[in-house]
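Visitor: Below is a structure I'd like to ask you about.
FYI, it's all coordinate maths here, none of it is from the lab. Bear in mind the structure is a predicted one, so any value in this text is a computation, not a measurement. Don't worry about glycine lacking a Cβ; one is built from the backbone with ideal geometry, like all the others, and counts go over all protein chains shown.
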Amino acid sequence: MNPYIDEDLAALSEHAGRFAAGRVAPGFLERDATRTLDRGLMLEMGGMGFIAPELPEAHGGQGLGSLAAGVIHEQIARADLSLSYINLLASLNGQILAQHGKPEVARPWLVRLTRGEALLAIALTEPRGGSDAANLRLRVERGAGHYVLNGEKASISAADQADAAVVFGRSGTVESGARGVTALLVPMDLPGITRNRYDCHGQRAIGRGSLFFENVRVPADHLLGQEGEGFVQVMQGFDYSRALIGLQVLAVARAALDETWAHAAQREAFGKPLSAFQGVSHPLAEGETQVEAARLLCLQTLWLKDRRLPHSAQAAMCKWWGPKLAYDVVHQCLLTFGHGGYDRGVMEQRLRDVLGFQIGDGTAQIMKTIIARTRAGREAVPA
């Protein structure tokens, strides 16, 4: 019995799980090898209502809430973490557009997003650093009916595949910090945009890369929030994505544990199944305990969000603990498989995929600072 998952959400999770097992999982290794995001699968997911179902119906969603998005998200991630970026980016960017975009601009993009017809990136990180997210150098200058963008974004998920991006840039002085940052919805087919792709360790189907802006003119009505206030307004949405990331990586750990328990029960050594040896079963039991606890924390965070209750500290806990725990659990599972786990295959790909989330979308150190500030106060835990 899960206090956060009612019968409807359980049925939705099972529905998504059947789709993930039948359609997503079979291409898991191939998409990693070819570094190709399957747009056909994306359309299927959109057609089944699996992309950003929490958005209001007026914006192309189903109004099902954050927990509904979460249970779908973890089922897709269980089958392929890289492909589940479609869900993650749609939920994060969909919320930003719905809350801060002008309806006449945002709604057509939101409809395409939920249908699986468009992929949106979020462009915050720059070459000079990622953790100091408000210390931006990309310039946003106001023109006559448009904004002009000049600069570079780095380590952007889906950089070379996105149809549009939520781009953060500096419209004020450097000294103005977060209060001088403006956010814009930028279609990726505008003149002056170039992009590349990195050769990353994991998450290779979705990929990461750089975006370069050279005198890119963005219509003024593509402003998100208020000019100079974009960072402060839009960054609140990251509490949501941090809980989703926790579910995302823990779903990978859950899949690894399930397969490893089955392997340990079947594989024999010294006349006994591997699971009979405490040195094998106890580390897996520890992983079971911690994954269950961390998943409940993520679900609690989404439950709080659905009720519009404070959840920044819980979201930060999900983000620092989830990826570290998932990596440790998958690592242990790989070791339990021995030389078979070390071969290139499902288990080693999972290890590569979850590692990236200890870096991107906020490091553990930043998350712990957020938690400390909510407990002791910002004055007691200065930047």
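Visitor: Indicate the gyration tensor shape class of segment 7-118 (rounded, prolate or oblate), computed on the Cα atoms with a ≥ b ≥ c the square roots of the eigenvalues: a/c under 1.5 is rounded; otherwise a/b larger than b/c is prolate and the rest oblate.
Guide: oblate
Visitor: Let me ask you something else. Return CYS200, CYS333 ranked ascending by Cβ neighbour count within 10 Å, so the fewest neighbours appear first.
Guide: With the fewest neighbours first, CYS200, CYS333 line up as CYS200, CYS333.
Visitor: From Cα pairs below 8 angstrom and at least 6 apart in sequence, can you work out the relative contact order of the chain, rounded to a whole percent?
Guide: Details: 725 pairs, mean separation 60.8, N = 383.
Relative CO of the chain lands at 16 percent.
Visitor: Rounded to the nearest 0.05, what FRET efficiency do GLU288 and ARG39 have when you use their Cβ-Cβ distance and R0 = 25 Å?
Guide: The calculated FRET efficiency here is 0.10.
Visitor: Spin-label point model (7 Å from Cα, Cβ direction): what's the ARG197 to ASN2 distance in nm?
Guide: The answer from the label model is 3.3 nm.
Visitor: Project the alpha carbons of the chain onto their principal axes and report the range along each, largest first, in whole Å.
Guide: Ordered largest first, the chain gives principal extents of 79, 50, 41 Å.
Visitor: Give a residue-ordered list of calculated ³J(HN,Hα) values for segment 31-46 (Karplus: 6.51 cos²θ - 1.76 cosθ + 1.60, θ = phi - 60°; whole Hz; x for Gly, Pro).
Guide: Residue by residue, segment 31-46 yields 5, 5, 5, 8, 6, 10, 8, 7, 5, x, 5, 4, 5, 4, 4, x Hz.
Visitor: So, R0 is 30 Å and r is the distance between the beta-carbons of LEU190 and ARG128; what FRET efficiency does that work out to, to 0.05?
Guide: It comes out at approximately 0.80.
Visitor: Still on this structure: Starting from 0.36 nm per residue, how many nanometres of slack lie between HIS339 and PHE277 once their C-alpha separation is accounted for?
Guide: Once the chain is fully extended between HIS339 and PHE277, it gains 20.5 nm.
Visitor: Now for a separate question. Return the calculated 222 nm mean residue ellipticity for the chain, to the nearest 500 deg cm²/dmol, obtained by summing -39500 (n - 2.57) across DSSP H runs with n ≥ 4 and dividing by the residue count.
Guide: On the way: 13 runs with 188 residues, N = 383.
-16000 deg cm²/dmol, from helical runs alone.
Visitor: Quick one: which residues, 5+ away or cross-chain, put their amide H under 5 Å from the amide H of GLY65? H built at 1.01 Å from N.
Guide: It is GLU54, by chain and number.
Visitor: Now for a separate question. Provide the per-residue ³J(HN,Hα) series for segment 249-261, in order, calculated from phi with Karplus coefficients 6.51, -1.76, 1.60 and θ = phi - 60°, each as a whole number of Hz, with x at glycine and proline positions.
Guide: Computed from phi, the couplings for segment 249-261 are 6, 5, 5, 5, 4, 4, 4, 5, 5, 4, 5, 6, 4 Hz.
Visitor: Could you give the angle, 0 to 90 degrees to the nearest 10, between helix 66-79's Cα long axis and the longest principal axis of the Cα atoms of the chain?
Guide: 60 degrees
Visitor: Within the chain, how many Lys pairs sit with Cα atoms under 27 Å apart, leaving out pairs fewer than 8 places apart on the same chain?
Guide: So the count of such lysine pairs works out to 10.
Visitor: In nm, give the distance between the simple-model label positions of GLU268 and LEU309, each being 7 Å from the Cα along the Cα-to-Cβ direction.
Guide: 5.3 nm
Visitor: What residues qualify as long-range amide H neighbours of ALA159, i.e. H under 5 Å apart, gap of 5 or more or another chain, H built at 1.01 Å from N?
Guide: Distant-sequence amide H within range of ALA159: GLY209.
Visitor: Enumerate the amide H contacts of GLY202 below 5 Å, restricted to partners 5 or more residues apart or on another chain; note that Pro and chain-start residues carry no placed amide H.
Guide: For GLY202, whose amide H was placed from the backbone, there are no distant partners under 5 Å.
Visitor: From the gyration tensor of the Cα coordinates in segment 235-376, what semi-axes in whole Å does the equivalent ellipsoid have, largest first, with each one equal to sqrt(5λ)?
Guide: Computed over segment 235-376, the values are 33, 15, 12 Å.
Visitor: In addition: What ranking, highest mean first, results for peptides 101-112, 297-308 when packing means the other Cβ atoms within 10 Å averaged over each residue?
Guide: Highest mean packing first, the order is 297-308, 101-112.
Visitor: Here's another thing I want to ask about it. What does the highest-first list of 72-81, 20-29 look like by mean Cβ count within 10 Å?
Guide: 72-81, 20-29
Visitor: Would you work out which of PHE357, TYR147, GLN290 lies farthest towards the positive end of the dipole of the chain, given +1 charges on the beta-carbon of Lys and Arg and -1 on that of Asp and Glu, about the Cα centre?
Guide: Among PHE357, TYR147, GLN290, the one farthest towards the positive end of the dipole of the chain is TYR147.
Visitor: Give the peptides 59-65, 260-266 in descending order of average Cβ contacts within 10 Å, highest first.
Guide: Ranked from most to least packed, the peptides come out as 59-65, 260-266.
Visitor: In nm, give the distance between the simple-model label positions of ILE359 and ASN215, each being 7 Å from the Cα along the Cα-to-Cβ direction.
Guide: So the two model labels end up 3.5 nm from each other.
Visitor: Let me ask something else. If you find the alpha carbon centre of segment 265-329 and of segment 63-91, how far apart are they in angstrom?
Guide: Here the two parts' Cα centres lie 18 Å apart.
Visitor: Quick one: angle between helix 278-306 and the longest Cα principal axis of the chain, in degrees between 0 and 90, rounded to 10, please.
Guide: 30 degrees
Visitor: In the chain, what % of DSSP beta bridges are antiparallel (nearest 5)?
Guide: So the antiparallel bridges amount to about 80 percent of the total.
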